[in-house]
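Chemist: One structure is given below, represented as structure tokens, and several questions about it will come after.
The values are calculated or read from the model by the stated rules, or taken from the named source; none is laboratory data. These figures come from a predicted structure and were not determined experimentally. Cβ atoms come from the backbone with ideal geometry, glycine included; neighbour counts cover every protein chain shown. Only protein heavy atoms, including side chains, enter the accessible area calculation; ligands, DNA and RNA are left aside. Shrake-Rupley method; radii C 1.70, N 1.55, O 1.52, S 1.80 Å.
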Amino acid sequence: MTAGAWRLLRTPPASGACNMAVDEAVLLSVAAGDAPPTLRFYGWQPACLSLGYFQSVTEIDEAECARRGIDLVRRPTGGSAILHDDELTYSLAAEETDPLLAGDIL
């Protein structure tokens, strides 16, 4: 791997379970040093309600999601539910020490 090289992944729309599995695989590969820092762009098919890591599924009407054909998945990050439909989503996996991530958000 060339120092400073990043990887861009553009994956086709996929189910919630598939998208979360790919994100986890990318994260584990980058953390293990087997892959360069990775920026991934993707979509959702079908629409998907993603729950935050600590969010209780009891807050969700699972039967209504199923009736509407909406996938249900848990993200490895915090926050509350997000409905993903007809959007472009991204994930970023990189070491905190990467020079491109230096500084604050501004």
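Chemist: With springs only between Cα atoms under 10 Å, which of Ala14, Ala35, Ala63 fluctuates most in a Gaussian network model of the chain?
Modeler: Sorting by GNM fluctuation, first place goes to Ala63.
Chemist: Moving to a separate point now. Subtracting the Cα-Cα distance from 0.36 nm times the residue separation, let me have the gained length for Val22 to Arg10 in nm, one decimal.
Modeler: 3.2 nm
Chemist: Normalise the Cα radius of gyration of the stretch 58-106 by 2.2 N^0.38 Å (N = residues in it) and let me know the number.
Modeler: Computed over Cα atoms of the stretch 58-106, the ratio equals 1.68.
Chemist: Going from most exposed to least, what order do Trp44, Trp6 have by accessible area with a 1.4 Å probe?
Modeler: The residues order as Trp6, Trp44, largest area first.
Chemist: When the Kirkwood hydrodynamic radius is evaluated over all pairs of different C-alpha atoms of the stretch 18-96, what value in angstrom, to one decimal, is obtained?
Modeler: 13.6
Chemist: Compare Ala66, Ala94, Ala47 in a GNM of the chain, Cα atoms joined below 10 Å, and give the one with the largest fluctuation.
Modeler: Maximum among the listed residues: Ala66.
Chemist: Putting +1 on Lys and Arg Cβ atoms and -1 on Asp and Glu Cβ atoms, find which of Val22, Gly33, Ser91 reaches farthest to the positive end of the dipole of the stretch 15-106.
Modeler: In the stretch 15-106, that residue is Val22.
Chemist: Looking at the chain, what % of its DSSP beta bridges pair antiparallel, to the nearest 5?
Modeler: The answer is about 45 percent antiparallel.
Chemist: Something else about it: Arg74 versus Phe41, label points 7 Å from Cα toward the beta carbon: distance in nm?
Modeler: 3.1
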